[in-house]
Amino acid sequence: MSVQTGSKKKEGGFAETIRVVFHALIIALVIRTFLFQPFNIPSGSMIPTLLVGDYLFVSKYSYGYTHYSFPFSPPIFSGRILGSDLKRGDVVVFRLPKDDSIDYIKRVVGLPGDRIQMIDGVLNINGEPVKHERIGDFVTDDEGVVQRVKQYRETMSNGVSYNTLDLTDNGFYDNTPVYTVPPDHYFMMGDNRDNSTDSRVLSQVGYVPYENIIGKAQIIFFSIRDGTHAWEVWRWPWDVRWGRLFTLVR
């Protein structure tokens, strides 16, 4: 009798563990699909707002849901459910129109119908220059090599402000033709203006369809120095950017 009882307890304990794991996976899937999805930043196109090695949560509910909201992006429906409009200045994750297996993160600068143009490094929207103020240099210290980059404070007509970098005078995309944003599309740019492949490059990114928007970048929950892996916990005391943890993305 004692052997049979012990066997049932073991079987019951194993089954309970399986149930707990299954429920945890379902909860994680629901959170990832409908609420928040984690992303990490692998490149410098959004410096100074986002740094290489930042890990952030993107809210999936901010603009509603498309089939891209679901794992593996099954084409179960078209269009957008519970959609809401993007605003100029939002930092968003979207699927690259030219290859929808790739996620990009940029800032929304143009809404449907807007006319976008860069003139001498200044963003112009519908024929009006966006407020563009020179502020202190952005300073980096990479392994003892200090670099200073010109930095500007850009303020949209809706009051959204953020910093941008100017790596090069008369950069390739400092002067552009006028881009007219099509209906149901958005114009995206990186804050690191001379080091960002974005909507200015029509052959690689171009106008981003509303359906391709994944969500809005909300909060940096972890950040580690470029070149250090997050799993290298023994390097955290020196390489984690503690001051960036739990900061809002603006």
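The values are calculated or read from the model by the stated rules, or taken from the named source; none is laboratory data. Note that the structure is a prediction, hence the values are computed from the model and not measured. FYI the Cβ positions are ideal-geometry reconstructions off the backbone, even for glycines, and counts take in every protein chain you see. The area values use the complete protein model at the heavy-atom level, side chains included, leaving out ligands, DNA and RNA. Shrake-Rupley method; radii C 1.70, N 1.55, O 1.52, S 1.80 Å.
For E16, the accessible area of its heavy atoms, probed at 1.4 Å with every protein chain present, is near 90 square angstrom. Expressed as a whole percent, the accessible area of the stretch 108-250 that falls on carbon and sulfur atoms is 53 (1.4 Å probe).
Each Lys or Arg adds one and each Asp or Glu takes one away; over the other residues whose Cβ falls under 11 Å from the Cβ of E133, this sums to +2. Classify the stretch 154-250 as rounded, prolate or oblate, taking a ≥ b ≥ c as the square roots of the eigenvalues of its Cα gyration tensor: rounded when a/c is under 1.5, otherwise prolate if a/b is larger than b/c and oblate if not. Cα axes put the stretch 154-250 in the prolate bin.
Compared with the dominant Cα axis of the chain, that is its longest principal axis, helix 2-30 is turned about 20°.
Expressed as a whole percent, the accessible area of the stretch 5-92 that falls on carbon and sulfur atoms is 70 (1.4 Å probe).
Considering every alpha-carbon pair of the stretch 98-165, the percent of pairs per 5 Å bin, from zero through the bin containing the longest distance, is 3, 13, 19, 19, 15, 14, 11, 5, 1, 0. If you take the Cα centroid of the stretch 88-152 and the Cα centroid of the stretch 27-58, the two points sit 18 Å apart.
Taken per residue, the accessible surface of the chain reaches 55 Å², heavy atoms only and a 1.4 Å probe. Shape class for the chain, computed from the alpha carbon gyration tensor (a ≥ b ≥ c): oblate, with a/c not under 1.5 and a/b at or below b/c.
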